[in-house]
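To keep things clear, I will list the structure first and then write my remarks on it.
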Amino acid sequence: MKLIDKYRPKSFEDVSGQEKAIAGINRIMDLEGEKGQAWYITGPTGTGKTTIARILASRIATDCCIFEHNAADITIEAVRNISSVVGSPSLFGGRAWIINEAHLLSGRIVSALLDVLERVTESEQDIIVFTTTWDGNELFAEKFDGLAFAGRCNMVSLTSRGFSPAIKQRLEHIAQAEGITASPEDIDKILKDLGKDKNRSASSMRDAIQALIQLETHRLAAVA
């Protein structure tokens, strides 16, 4: 198993650096319940959008009833198929759909999804979660029926501000658990180098874990 997957948080309690967003999610679920919800999660790359989406999904659905898609692959027929089963009886309990990169949804698909959102919020057993790096206001300003779409979702905004301490703590934990030789200075350098890399992000947990793996790989190669 890849370290990125091995150390992906499995519960909200394990999510680092997004305490405000998690508190907001928990509050909504306390008020309205876990099921029958539509969520729209925005945030910079690597801040935990897909992780949080999967945690939301796992709270109401088993693995066989969690369906994850990239928005670019969503067709009108796919939307109709989702709409046809939302709210219908299921032997396995609730169902969850995760649609990543939601900024790639066309205006036509956004309009078609309005029916799905209505059915989800009335179902009391299913959920749908959208994730995107785009700010919700920027996206909806360009999509037909965008405001109607947004109004049917619980909006969750993740932040990269002040995220470095959480990443550093996670890297230290992984290094200790996996026997990786990485001093505090090494980890500081990882975060500093990521901040200079235009293709990666210092606010990305995924990029940081990958850099930690590369550090260990280079160290082992040097002593071989």
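No lab work stands behind these numbers, since they all come straight from the coordinates. None of the values given here were measured: they were computed from a predicted structure. When we count neighbours, we look across all protein chains shown, and the Cβ atoms used for this are built from the backbone with ideal geometry, even at glycine.
Some values worked out for this structure:
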| quantity | calculated |
| --- | --- |
| Rounded if a/c under 1.5, otherwise prolate or oblate - region 10-66, Cα gyration tensor axes | oblate |
| FRET efficiency, residue 108 to residue 196 (Cβ-Cβ, R0 30 Å, nearest 0.05) | 0.15 |
| Positive minus negative residues near residue 213 (Lys, Arg vs Asp, Glu; Cβ under 10 Å) | -1 |
| Paramagnetic label zone (point 7 Å from Cα along Cα-to-C-beta, residue 219; backbone N under 14 Å) in region 170-208 | 171-190 |
| Neighbour-count ranking [beta-carbon atoms within 10 angstrom, fewest first] of 161, 95, 54 | 161, 54, 95 |
| Potential lengthening between residue 59 and residue 90 on full extension [0.36 nm per residue; Cα-Cα distance subtracted] | 9.6 nm |
| 130, 149, 12 arranged by Cβ crowding within 10 Å, fewest neighbours leading | 12, 149, 130 |
| Antiparallel content of DSSP bridges confined to the chain, in %, to 5 | 0 |
| Contact order normalised by residue count of the chain, Cα under 8 Å, 6+ apart, percent | 27 |
| Likely footprinting exposure, 15, 223, fewest C-beta neighbours within 10 Å first | 223, 15 |
| Extreme residue, positive dipole direction of the chain, given options 57, 84, 133 (C-beta unit charges) | 133 |
| Cα-based reach from residue 35 at 12 Å (exclusive), listing aspartates and glutamates while leaving out same-chain residues under 8 positions away | 122, 124, 126 |
| Three-way shape label, region 164-223, alpha-carbon gyration tensor, a/c 1.5 | oblate |
| Sites matching GluC sites (Glu not before Pro) across region 55-124 that sit in DSSP coil, with at most 14 neighbouring C-beta atoms within 10 Å | 124 |
| Modelled FRET efficiency - R0 41 Å, residue 4 with residue 122, Cβ distances, 0.05 increments | 0.65 |
| Net lengthening on full extension, residue 13/residue 78 (0.36 nm per residue, minus Cα-Cα) | 20.0 nm |
| Residues with amide H under 5 Å from that of residue 129, placed H, sequence gap 5 or more | 39, 97, 98, 99 |
